[in-house]
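The next block holds one structure in the form of structure tokens; read it before the comments.
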Amino acid sequence: MADGCRLAELRCREVINLCDGCRMGYVGDLEVDIMCGRVVALVVPGRARFFGLFGREDDYIIPWERIEKIGEDIILVRFETPMRRPKEKPAFLKHFS
């Protein structure tokens, strides 16, 4: 396998936390530092609540330094407390908070 990898290829890989064996989900996006041109973190979308009818949980933000191994179909990460990014409310709901 080549040294490079595309986002489309990463999206097909499941993320597993080695600390607790948790299946976190599949890569949804990347965070990139545009000043130095490097990947800072993987973003794994939160799980759907009740078949997606009640939205999703917060996204997992996995710092690049916590990635142990990127395999052909799995990405192994190691960290105790996953960072979560809260979902933003739609603009029309922000007035009701």
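Points worth noting:
- Single residue of I67, I34 found to be surrounded by 12 or more Cβ atoms within 10 Å (Cβ to Cβ) and at pLDDT 90 or above: I67
- Subset of the stretch 79-97 that is assigned to a loop (DSSP other than H, G, I, E, B) and loosely packed, with under 13 Cβ neighbours inside 10 Å - its residue that is modelled with the highest pLDDT: E80
- Of the residues making up the stretch 16-33, those that are without any contact (Cβ under 8 Å) to a residue 12 or more places away in the chain and under 11 Å from the mean Cα position of the chain (by Cα) number 0.
- When the stretch 1-24 is filtered for residues that are in contact with a Gly (Cβ under 8 Å, 6 or more places away or on another chain) and open to solvent by less than 80 Å² (accessible area, probe 1.4 Å), the ones remaining, listed by number, are R13, E14, V15.
The values are calculated or read from the model by the stated rules, or taken from the named source; none is laboratory data. The model shown is predicted, which means the values in this text are computed figures rather than measured ones. FYI the Cβ positions are ideal-geometry reconstructions off the backbone, even for glycines, and counts take in every protein chain you see. To get the accessible areas, we keep the full protein, side chains included, count just its heavy atoms, and leave off ligands, DNA and RNA. Shrake-Rupley method; radii C 1.70, N 1.55, O 1.52, S 1.80 Å.
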